[in-house]
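Have a look at the structure below, then the notes.
The values are calculated or read from the model by the stated rules, or taken from the named source; none is laboratory data. None of these values were measured; they are calculated from a predicted model. Virtual Cβ from ideal backbone geometry, glycine too; neighbours counted across all protein chains shown.
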Amino acid sequence: MRILYTAIDQQVPGTTGGSVHVAQVAHGLAALGHDVHALVTPGNQSIQDGESIESALRRFKQRVQQEDIFPDSSVQWHSMRPPLGWRQLRWMRVQRITELTRALRADVVIERYYNFGGEGVTAASRTGALAVLEVNTPIIDHAGSLKRLIDRALFFEPLRRWREWQCRQTDLFVTPSTRILPQWVEPRRVLRLEWGADTTRFTPDAHGDVPFRREPGETVVIFAGAFRPWHGAIHLVSAIAKLRARGRPDIKAVFVGDGPELRRVRRAAAGVGNILFVGRLSHWRMPACLAAADIGVAPFDVEAHGPLRLDFYWSPLKVFEYMAAGLPVIVPNVHRLRVLCRDGREGVTYDAAEADGLANAIERLADAPHRDDLGRAARERAVKEYGWDVHCRRLSETLERAHEQMDAKEH
């Protein structure tokens, strides 16, 4: 099938979960034989003064080839940014995306949902293509939602009406959680699907440049993320401080990434010791970095993010990559997380309401004689259930079935 994948506010190549997701799905569907065209913002490839879009796109493609990103992929990458670089103006690309959909004779249009989007769904509805909405953030409002406050202020609720129109036009929803969709969406239109890891690259024996050293006798716990309040990085700093106070200088924490909470986390870590910040790394360097650690930590703080009151709807990229790298994983005892990483089987869970919960979990796992067995089990489960290849195979099968059903109705 010809698939147009519109993710124009995502940078590819990039280091965020969204950019990794887009790149992996496009690559995976192309590897299964589909003709995939992906609309993205070229990562780290700013358009220079006086340069045409075509020139910037050529440089983008050259970089993909030079960095050996997906060398066997036949994805056709198209450079398209939101107007002025603002996600809120994505919908203004409707006409251009509709024209491209017609020119390609696309069978399927996949759009990453955003309340101010709808450009892909609109293009599909205008051209008769199968409309697919990837939903990784709530469509419905949570308590205290800014979208809800705006709708009430404007009386006629334009945001609610617009997203409900998008949902009515959508043939297939792809989401890790059905609780973030309107209740009236029929189950037959929903594919519940987790994100994943590239299990061919993220392996226990991955080699490459590692930005930290492990001294003899050390246990290295690693956190990788975008340093937002709900990622809970500061809780890992607190746990390491408590472990040092218990006389455990053998447990070291490595933080990988960047983001708005980094400065606060660094301040909290000042004077603690055994904490290393290595900054943002190319996603291509992450497999070796994780393979050099012993334990992966994902200390999510669900109280710090209002939408999580609906459900822990994230499909946590870091957890799947930890597991694929053969690391036992530590996560808070939240329903979806304890299903993804089972206590005593692929890692350890803890009660985030307990002041020493994370510190106790780290110490428990650091001293566990069967820690390597947990890591091997985590790797096995990632390969079987959470690989991007598994994700794309299920997605491909569902797209083909939905497209066949749509054809049958038309004829």
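Assorted remarks:
- Checking residue 198 against (1) surrounded by fewer than 17 Cβ atoms within 10 Å (Cβ to Cβ); (2) touching a residue at least 12 places away in the same chain (Cβ under 8 Å), the condition it does not meet: (1)
- Count - residues of segment 391-407 that are over 25 Å from the mean Cα position of the chain (by Cα) and touching a residue at least 40 places away in the same chain (Cβ under 8 Å): 2
- Members of segment 271-309 found to be modelled with pLDDT of 95 or more and farther than 17 Å from residue 226 by Cβ, listed by number: 275, 276, 287, 288, 291, 292, 293, 294, 295
- Test: residue in segment 341-348 that is buried (at least 22 other Cβ atoms within 10 Å of the Cβ), assigned to a strand (DSSP E or B) and at pLDDT 95 or above: yes
- Residues of segment 1-36 that turn out to be in a strand (DSSP E or B), out of contact with any Ser or Thr (no Cβ under 8 Å at 6 or more places or on another chain) and either buried (at least 22 other Cβ atoms within 10 Å of the Cβ) or at positive phi (or both), as a count: 4
- Residue within segment 284-302 that is free of Cβ contacts under 8 Å to residues at least 60 places away in the same chain and over 30 Å from residue 178 (Cβ atoms) present: no
- Just one of the listed residues (265, 237, 256, 210) is over 17 Å from the mean Cα position of the chain (by Cα), closer than 29 Å to residue 384 by Cα and outside the structural domain of residue 21 (by TED's automatic domain parsing), namely 210.
- Residue within segment 315-326 that is surrounded by fewer than 24 Cβ atoms within 10 Å (Cβ to Cβ), at negative phi and out of contact with any helix residue (DSSP H, G or I) (no Cβ under 6 Å at 6 or more places or on another chain) present: yes
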